[in-house]
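Undergrad: Mind having a look at this structure? Questions to follow.
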Amino acid sequence: MERPVKRRRVSLDENDSDAASSSASEGSSSAPPSPQPPHEDGDESEEEIAKPHQGTNTVSRIKSKKDASVPAAQHVTPEDQDGGSNDLPLSIQSSIDPSSTRTFLDLGLSPWLTASLNAMAIKNPTRIQSAAIPPILQGRDCIGGSRTGSGKTVAFAAPILETWSRDPRGIYAVVLTPTRELALQIYEQISAVGARQGVRCCLVTGGADQKAQALELGRRPHVVIATPGRLAEHIETSGDDTMKGLRKVKFVVLDEADRLLATGKGSMLPAVSTCLDALPPSSERQTLLFTATVTPEVRALKDAPRAPGKPDVFVTEVDTDSLTLPPTLKQTYQLVNVLHKEKYLHILLLTAANAEKPTIIFCNRTSTATLLEHLLRLLNHRVTALHSGLPHTDRTNNLARFRARAARILIATD
């Protein structure tokens, strides 16, 4: 199928059919996960595309040793960095705007929803949440761009749950996302936020019992979180009950929209189009696109033809710079000889400061992740892995082991 046809099928407003996050390293690196901090809000521009000012943080680094024969991890404080010839100055932008005082109540959310967010330690809106929630509550379609970890899930989940609570029925929203792990993460977060109001979510992904999923869809859950391929299979094989439920959907979310709408080899676009064809026309629902990378193809959907009387698409891009990091993340670098990377990693994991910390190590290849897992296990580290070469059951179990601290180290591809 030609590319223009594909674009037309996923546009925001044509009635015939509509539209965690990690960077891989060449070797491997470890960064202990930090607890989710209370979010602070950010003032957004009233323009269609909001790009707020951002602050700057200092990055501490670890200098490299030219003699790599003795792998010993070093830590260099910011005070020590000034005199080092190997220092690589880097400006890191913060996602927090300390001058802002907006709350979730100010954004138009109900007290019950604000209380649910507070119970999850989400006390103040982030920039993407401050920018996206009000226009979504006003009934506008939205294209939101913000870095991974900036709160995009709450940015679309909160207004969906807010409007659903005024008219609770199923199926109210469908969220499409490219991977099973992302779908599970969104499912858990929406379930937690909506628990006080009894929201029922349904997870529809590959690797699970399709018959059980079909039965759950037939019971009309309030929110369906799915990967496009598996939901397309249900659409092609399910009965009238499921199809009738999907035809009454009020919200459609494309999370990681750049990947869902990408063309070329392995494109998910045919499955996405099948899903959208089974849903109400764009004139009868809201379409929300969120991504860490707002590609020209995604941004172009803003100018798609609109149904008569439907408001313009709201577009906001905040914290999309590749150097934007959470203010709670302390980033260090260890420059080592390529022949000794694993030695340095082993020593780093055994230092007193890191010996008990949960650690995620990212690799850019499945083969590298597998090799590193076996190596660290031989060195008596409690390790597990998460990558595409594992069966779905193993991926789910390994992630559960890491979350339960049965494994201290998780080796993953991006």
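The values are calculated or read from the model by the stated rules, or taken from the named source; none is laboratory data. Bear in mind the structure is a predicted one, so any value in this text is a computation, not a measurement. For neighbour counting, all protein chains shown are included, and Cβ atoms are generated from backbone atoms with ideal geometry for every residue, glycine included.
Undergrad: Of the residues 386, 379, 410, only one is hydrophobic (A, V, I, L, M, F, W, C) and at pLDDT 95 or above; which?
TA: On the way: 386 fails: at pLDDT 95 or above; 379 fails: at pLDDT 95 or above.
Every option except 410 fails the conditions.
Undergrad: Do any helices (runs of 4 or more DSSP H) entirely within region 94-172 hold 1 or more residues that are in the same structural domain as residue 303 (by the TED database), under 18 Å from residue 253 (Cα atoms) and in contact with a Phe, Trp or Tyr (Cβ under 9 Å, 6 or more places away or on another chain), and if so, which?
TA: Ranges flagged: 127-137, 152-166.
Undergrad: Can residue 253 be described as surrounded by 23 or more Cβ atoms within 10 Å (Cβ to Cβ), more than 18 Å from residue 206 (Cα to Cα) and modelled with pLDDT of 90 or more?
TA: Criteria met by residue 253.
Undergrad: With (1) in a helix (DSSP H, G or I); (2) within 20 Å of residue 244 (Cα to Cα) as the list, and residue 203 as the residue in question, which single condition is left unmet?
TA: Of the numbered conditions (1) in a helix (DSSP H, G or I); (2) within 20 Å of residue 244 (Cα to Cα), the odd one out for residue 203 is (1).
Undergrad: Here's another thing I want to ask about it. Please work out which residue is surrounded by the fewest Cβ atoms within 10 Å (Cβ to Cβ), limiting yourself to region 149-171 and to residues that are modelled with pLDDT under 95 and touching an Asp or Glu at 6+ places or on another chain (Cβ under 8 Å).
TA: If we take residues in region 149-171 being modelled with pLDDT under 95 and touching an Asp or Glu at 6+ places or on another chain (Cβ under 8 Å), then 153 is surrounded by the fewest Cβ atoms within 10 Å (Cβ to Cβ).
Undergrad: Would you confirm, using the coordinates I've provided, whether residue 407 is over 21 Å from the mean Cα position of the chain (by Cα) and outside the structural domain of residue 148 (by the TED database)?
TA: Yes.
Undergrad: From the list 245, 266, which one is within 26 Å of residue 204 (Cβ to Cβ), in the same structural domain as residue 145 (by the TED database) and not in a loop (DSSP other than H, G, I, E, B)?
TA: Values: 266 fails: not in a loop (DSSP other than H, G, I, E, B).
None of the other options fit; the residue is 245.
Undergrad: Could I ask something else about it? Any residue at all in region 379-396 that's within 20 Å of the chain's Cα centre (by Cα), closer than 17 Å to residue 350 by Cα and buried (at least 19 other Cβ atoms within 10 Å of the Cβ)?
TA: No, region 379-396 contains no residue that is within 20 Å of the chain's Cα centre (by Cα), closer than 17 Å to residue 350 by Cα and buried (at least 19 other Cβ atoms within 10 Å of the Cβ).
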